[in-house]
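Worksheet: one structure, shown below.
The values are calculated or read from the model by the stated rules, or taken from the named source; none is laboratory data. Owing to the predicted nature of the structure, the values given are computational and were not obtained by experimental measurement. Virtual Cβ from ideal backbone geometry, glycine too; neighbours counted across all protein chains shown.
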């Protein structure tokens, strides 16, 4: 007998439909899986065999062949356990073939019959929805309970969540139909870590203002300064002032994290904030591996990628980030094909000016040796060649992709003792949300994503503004990319000020952030 059921395998962050075909015939008892199965899929034979015996439907003493189509695409992971078991039951007439029509099933089988979650629930549900729209049939998904909550977030998909294989069979045979899992868009995953509040940042008015501008326009930000100046603390305050994700953005971010095997507890409403260590590999940060998996850059999609101590990252990692900073995607090419990973992240980075960290911090004097009252720093001990080598670890093309380059000075002794607490993140977040809302209402995207004719239209200048811009170009001599970024930052500053047009003072402030 022959039976088939639809399932999927994850490639990058997308789901590729897999048709699981089972054929039982006479001959010596064998159980073979073909169609480029990975190691975990090959091991499905033993998990399925044990579960069917536990269910009271042992495999018949026949030649059993399971084909995973398309046969030229490698299938990885244990998500095909459930569809293989259902296809075998249908081929043995234990499950009606009509019950499998239009059904997409996935999940890992435990030896006690229960269903364990598999990665990519949102992606598989999205694939099922797209398939159903093309065929005109309703989209039905059979998934483990842990995946059903996220899969139900996809519009137009009916999700059923059996606790085990027995419940799945009872549902398909009509003995004990399951109720559809109700989608709950209001559910949200808890934040990964407590948010830092800007109220704890004393003084540093320039850096605080730059952080607000970066949050309002989704601009890339580089903070440079000596150790202890507060660069990392400022960067970690950014999640607390970012606007929440829209419904469409939340589903997209949840899809990426689910496909990466990081099952969320509901819809991810907060923009992701990823902080990889500088020892991370290119595959771990950018993505890749023998089986292409999303890296930290993709996990930061529609959120923030924070690189602390930027020059300490390997040169290959930093240069690999140049393309996604412009295009918002990472393309990983292999002999078997290519995978596109979303990576529209906002880059925030910190660095020291030299290996010891104090280059230029003492104003070129030895005040730090004497412990001057207003310096509080020590002189740089690095050779000029060492300073140059350290600074050249970050290439010019990468620096050209940063919208705001800010020098952060250490607080003086007086500021450490008597500086009042800064403005709280809540108040700043209100201004950021208002400015971001103006931009999206006007042009549909954040200011950092303006390009081409849209950039020219929404940054149209008065004659006075054009004269100021011409002087800034002669002074700064920016590249074409930096010129566009200057205009985008000026547009964000105008939005924060509630201005409909970009004024000369907005251009001057944006130029000040170019370092």
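Quick notes
- Residue match in segment 486-497 (condition: on the phi < 0 side of the Ramachandran plot, buried (at least 21 other Cβ atoms within 10 Å of the Cβ), touching a strand residue (DSSP E or B) at 6+ places or on another chain (Cβ under 8 Å) and touching a residue at least 24 places away in the same chain (Cβ under 8 Å)): yes
- At least 1 residues being free of Cβ contacts under 8 Å to residues at least 24 places away in the same chain, surrounded by fewer than 17 Cβ atoms within 10 Å (Cβ to Cβ) and more than 24 Å from the chain's Cα centre (by Cα) is the threshold, and among the helices (runs of 4 or more DSSP H) wholly inside segment 131-246 those reaching it are 165-173, 205-217.
- In segment 309-342, the residues that are over 18 Å from the mean Cα position of the chain (by Cα) and either surrounded by 19 or more Cβ atoms within 10 Å (Cβ to Cβ) or within 25 Å of residue 396 (Cα to Cα) (or both): 309, 310, 311, 312, 313, 314, 315, 316, 319
- Identity of the residue in segment 104-122, modelled with pLDDT of 95 or more and under 14 Å from residue 7 (Cα atoms), that ends up surrounded by the fewest Cβ atoms within 10 Å (Cβ to Cβ): 108
- Within segment 10-106, strands (runs of 3 or more DSSP E) holding 1 or more residues that are closer than 30 Å to residue 301 by Cβ: 14-25, 63-69, 103-105
- Residue check, residue 416 modelled with pLDDT of 95 or more, part of a helix (DSSP H, G or I) and either out of contact with any strand residue (DSSP E or B) (no Cβ under 7 Å at 6 or more places or on another chain) or more than 26 Å from residue 196 (Cβ to Cβ) (or both): no
- Qualifying position, being touching a strand residue (DSSP E or B) at 6+ places or on another chain (Cβ under 7 Å) and at pLDDT 95 or above, among 341, 347: 347
- Single match in 435, 448, 439 (criterion: surrounded by 15 or more Cβ atoms within 10 Å (Cβ to Cβ), in contact with a strand residue (DSSP E or B) (Cβ under 8 Å, 6 or more places away or on another chain), touching a residue at least 60 places away in the same chain (Cβ under 8 Å) and closer than 15 Å to residue 491 by Cβ): 448
Rundown of residues vs (1) within 21 Å of residue 77 (Cα to Cα); (2) at pLDDT below 90; (3) touching a helix residue (DSSP H, G or I) at 6+ places or on another chain (Cβ under 6 Å), yes/no style:
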residue: 128; (1), (2), (3): yes, no, no
residue: 146; (1), (2), (3): yes, yes, no
residue: 151; (1), (2), (3): yes, no, yes
residue: 174; (1), (2), (3): no, no, no
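- A single entry from 419, 409 fulfils the requirement of being surrounded by 14 or more Cβ atoms within 10 Å (Cβ to Cβ), more than 29 Å from residue 270 (Cα to Cα) and within 32 Å of the chain's Cα centre (by Cα): 409.
- Residue list for segment 291-302, filter: without any contact (Cβ under 8 Å) to a residue 60 or more places away in the chain and within 8 Å of the chain's Cα centre (by Cα): 296, 297, 299, 300, 301, 302
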